[in-house]
Amino acid sequence: MLEIRDSVAVVTGGGGGIGFEVAKYWIRNGGKAVIADISAPLLEQAEKELKAMGGDVAPVLCNVTTEEDNAKLADTAIARYGQINLVAPFAGIIKDAMTVSYDKVSGKVVRKMTLDQFKAVIDINLTGVFLTVRECMERMMNNKCKGLVCLVSSTGSLGTAGQINYSSSKAAMSVFPKVLTAELIRRGLGNMIRVVAIAPGYVGTPMVKGMNQDALKKILAEVPIGRLIEPEEIASLVGELYRNEALAGDVFFIHGGLRLGSRG
Ligand SMILES: NC(=O)c1ccc[n+]([C@@H]2O[C@H](COP(=O)([O-])OP(=O)(O)OC[C@H]3O[C@@H](n4cnc5c(N)ncnc54)[C@H](O)[C@@H]3O)[C@@H](O)[C@H]2O)c1
């Protein structure tokens, strides 16, 4: 079993939502956190709160879509703490729209998902994660760090109407653990760096609370536990995946019993 105490977590999207909660969990359990976010005010607030808990925390202003910022992030972790033990690339966005919006009354298409809506989500949720993972794994290997890369997929990876961009990015996250684990095994590093993904259902973060409230009510009616998942419940799962070294190469769902898949 791995200990969180004195370990170093690199968390993107660490300024808010699930990322911030993971950083908080790390600090509460005696770890250190490098938090990265594109929003300076969110990052500042998160740093303040984590330091108020007595935490050792390094904030990095970072746009995960650029190679330079991801390199800076990984370098900061090594320069400040000499190691990276958890990589949690949790920066992510949604930009929902039907691929083609068909109006039943006029019998015509009235809107389409724009290229910008598609690309923005892929750039952050897929390309951004690839870059964070690549830069952090490079430093982990070069500095002989033991730990976990924990991706965040989603129940949306199974296909949600209005989310062809998001669902595609999250389906990719469910294959990352397989690919990376296969690559690590080839180099005899499978026990050194484990890779998993979590696939949450609907979590009570700004991303979800900001949704159309009627849509949210309908969603909750489908969740057997009758509520949103708490961000700290996600952080606790990440902690368990980190500690338990038998867990590797797989996707772990956490959704309160949600019936999975999109019924249209
Ligand atoms: N909330 C949910 O129900 C839910 C469910 C399944 C998966 N997820 C995934 O969990 C992750 C976190 O979601 P959340 O609900 O905490 O979202 P959130 O919107 O609350 O937080 C996301 C954070 O990422 C930051 N960010 C956005 N673009 C960035 C960029 N280019 N570079 C750096 N930081 C950037 C934001 O500033 C924000 O602080 C996402 O990948 C999301 O897809 C969330």
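Here, each number is a calculation from the coordinates, and none is a lab measurement. Just so it is clear, the model here is predicted, and its values are computed rather than measured. All Cβ positions, glycine included, derive from the backbone under ideal geometry; neighbour counts span all protein chains shown.
Scanning for something among the small types (Gly, Ala, Ser) and over 19 Å from the mean Cα position of the chain (by Cα), does region 56-78 turn up at least one residue? Checked against the condition, which is being among the small types (Gly, Ala, Ser) and over 19 Å from the mean Cα position of the chain (by Cα), region 56-78 yields no hits at all. Looking across region 75-118, the residues that are in contact (Cβ under 8 Å) with a residue 60 or more places away in the chain, assigned to a helix (DSSP H, G or I) and surrounded by 16 or more Cβ atoms within 10 Å (Cβ to Cβ) come down to Ala77, Ile78, Tyr81. In region 160-180 there is no residue matching the filter, namely being among the charged types (D, E, K, R), part of a loop (DSSP other than H, G, I, E, B) and either out of contact with any strand residue (DSSP E or B) (no Cβ under 8 Å at 6 or more places or on another chain) or within 14 Å of the ligand (Cβ to nearest atom) (or both). For Pro200, only one of the following conditions fails: (1) more than 10 Å from the ligand (Cβ to nearest atom); (2) in contact with a His (Cβ under 7 Å, 6 or more places away or on another chain); (3) not polar (S, T, N, Q). What is its number? Just one mismatch for Pro200, condition (1).
Can Glu240 be described as within 30 Å of Asn142 (Cβ to Cβ) and either surrounded by 15 or more Cβ atoms within 10 Å (Cβ to Cβ) or more than 9 Å from the ligand (Cβ to nearest atom) (or both)? Full working, then the answer.
Numbers: within 30 Å of Asn142 (Cβ to Cβ): yes; either surrounded by 15 or more Cβ atoms within 10 Å (Cβ to Cβ) or more than 9 Å from the ligand (Cβ to nearest atom) (or both): yes.
The answer is yes for Glu240.
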